[in-house]
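Q: Quick one: the structure is below, and I'll ask about it shortly.
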Amino acid sequence: MNPFEFAFMQKAFIACTLTAAVAPLVGSFIVQRGQSLVGDGMGHVAFAGVGLAFLVGAEPLVGALACSVLAGLLLVRMSRAGLAGDLAIALIFYGGIAFGYLLASRAGAGQTRLVGVLFGSPLNLSWGRVWVIAALAAAVVALTAALYPRLVALAFNEEAARVSGVATDRIVLALTLMVALVVVGGMSSIGLLLIAAMMVVPVAAAAQLASSYRGTLFTASAVGSFSAVTGLLVAHYLDYSPGSAIVLTAIAAYLVASGVGVSWRRVRVRDLAAPAPNG
């Protein structure tokens, strides 16, 4: 049975592939900054927005985006004030998911709906939601292209970037917004609790194979897209959860890339150690 014959699978492939392709673009910068768990925490906070939206009868995407952006701005300000320690961040992130569940329960949201938000429900997407996800993905790509040199400078050495004239505060805010866009875009397709993995795991896989930072970005995006398509096919034929299948495929890709990377490095070391042929 060809999964592409069904409209619900077509929508799932478009939404998940776009999300999984752009997530590593943002993830490459947060990983380089040593903030791999920011996406996970942002997903926790976004859930508070979802719960609030359920309670007032608003669009969950709007609530998730609003809370994500507000939390990001708060963390940036706390960091600049020297207050963004591990405890403060944990209170914000875990308080977000607890508050979100409290509000969602108060609103009478069913368990099925909540599980769909947390772990994704790409097979239930409308075309309208798919176009929203596409617009969010396009915004992330546009911001990455426009800010790329400054994002790279920020990722590698924020202090040096500031000294060289980069408005680091604004770039940090832009990066925070990009994380929020990815989290909200991935909410309906891969899930709030799983989308962070697609920011990190494809980047880790690409780092084993690519020889440049730009190459890492493109390779990570390709790994993310491959994971989305393969994971959805596995979910379709074996009746697995789509979001989980996508993330596990990405982890499998990382393990394969690690093996290939180790083999390449061994070959290079052996070639360098080999004596030069006599002329």
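Q: Check Ser241, Ser225, Ser188 and return the single one that is closer than 24 Å to Gln10 by Cα, crowded, with 17+ Cβ neighbours inside 10 Å, of a type in the set (S, T, N, Q) and in contact with a Lys or Arg (Cβ under 7 Å, 6 or more places away or on another chain). Give the steps one after another, and end with the answer.
A: On the way: Ser241 fails: in contact with a Lys or Arg (Cβ under 7 Å, 6 or more places away or on another chain); Ser225 fails: in contact with a Lys or Arg (Cβ under 7 Å, 6 or more places away or on another chain).
One residue alone meets the criteria, Ser188.
Q: Further question: Restricting the stretch 68-111 to residues that are of a type in the set (S, T, N, Q) and under 23 Å from the mean Cα position of the chain (by Cα), which is modelled with the lowest pLDDT?
A: Our first condition is that a residue be of a type in the set (S, T, N, Q); within the stretch 68-111, this holds for 68, 79, 105, 111.
Among the residues that remain, those that are also under 23 Å from the mean Cα position of the chain (by Cα) are: 68, 79.
Details: Ser68: 87, Ser79: 68.
Taking the candidates together, the pick is Ser79.
Q: Name the pairs whose Cβ atoms lie under 6 Å apart, with the first residue in the stretch 121-136 and crowded, with 16+ Cβ neighbours inside 10 Å, the second assigned to a helix (DSSP H, G or I) and β-branched (Val, Ile, Thr), and 6 or more positions between them or separate chains?
A: Val130/Ile14
Q: Let me ask something else about it. Of all residues in the stretch 104-120 being among the β-branched types (Val, Ile, Thr) and surrounded by fewer than 16 Cβ atoms within 10 Å (Cβ to Cβ), which is nearest to Gly243 (Cα to Cα)? Lay out the reasoning, then the answer.
A: Taking the stretch 104-120 and keeping what is among the β-branched types (Val, Ile, Thr), we get 112, 115, 117.
With surrounded by fewer than 16 Cβ atoms within 10 Å (Cβ to Cβ) added as a condition, the list becomes 112, 115.
Numbers: Thr112: 15, Val115: 11 Å.
Here the residue is Val115.
Q: Would you pick out the residues in the stretch 135-163 that are farther than 12 Å from Phe29 by Cβ and among the charged types (D, E, K, R)?
A: Hits for the stretch 135-163 are Glu159, Arg162.
Q: Note down all Cβ pairs under 6 Å where the first residue falls in the stretch 180-192 and is at positive phi and of a type outside the set (Val, Ile, Thr), the second is crowded, with 24+ Cβ neighbours inside 10 Å and not in a helix (DSSP H, G or I), and they're at least six residues apart or on different chains.
A: Gly191/Gly120
Q: Let me ask another. Here are some conditions: (1) touching an Asp or Glu at 6+ places or on another chain (Cβ under 9 Å); (2) among the aliphatic types (A, V, I, L, M); (3) under 22 Å from Ser244 (Cβ atoms). Val76 meets all but one. Which one does it not meet?
A: Only one criterion is unmet by Val76, namely (3).
Q: Let me ask another. Do we have any residue at all in the stretch 137-154 that's in a helix (DSSP H, G or I), of a type in the set (Phe, Trp, Tyr) and in contact (Cβ under 8 Å) with a residue 40 or more places away in the chain?
A: Within the stretch 137-154, the first condition is being in a helix (DSSP H, G or I), and the residues that meet it are 137-154.
Checking which are of a type in the set (Phe, Trp, Tyr) leaves us with 148.
This time we only want the ones that are in contact (Cβ under 8 Å) with a residue 40 or more places away in the chain, so: none.
No, that holds for no residue.
Q: Got a number for residues in the stretch 40-55 being touching a residue at least 12 places away in the same chain (Cβ under 8 Å) and either farther than 13 Å from Tyr94 by Cα or aromatic (Phe, Trp, Tyr) (or both)? Can you show your working first?
A: Taking the stretch 40-55 and keeping what is touching a residue at least 12 places away in the same chain (Cβ under 8 Å), we get 40-52, 54-55.
Then keep just the ones that are either farther than 13 Å from Tyr94 by Cα or aromatic (Phe, Trp, Tyr) (or both); that gives 47, 49-52, 54-55.
Of the residues in that region, 7 qualify.
The values are calculated or read from the model by the stated rules, or taken from the named source; none is laboratory data. Note that the structure is a prediction, hence the values are computed from the model and not measured. Using ideal geometry, Cβ is built from the backbone for each residue, glycine included, and neighbour counts are taken over all protein chains shown.
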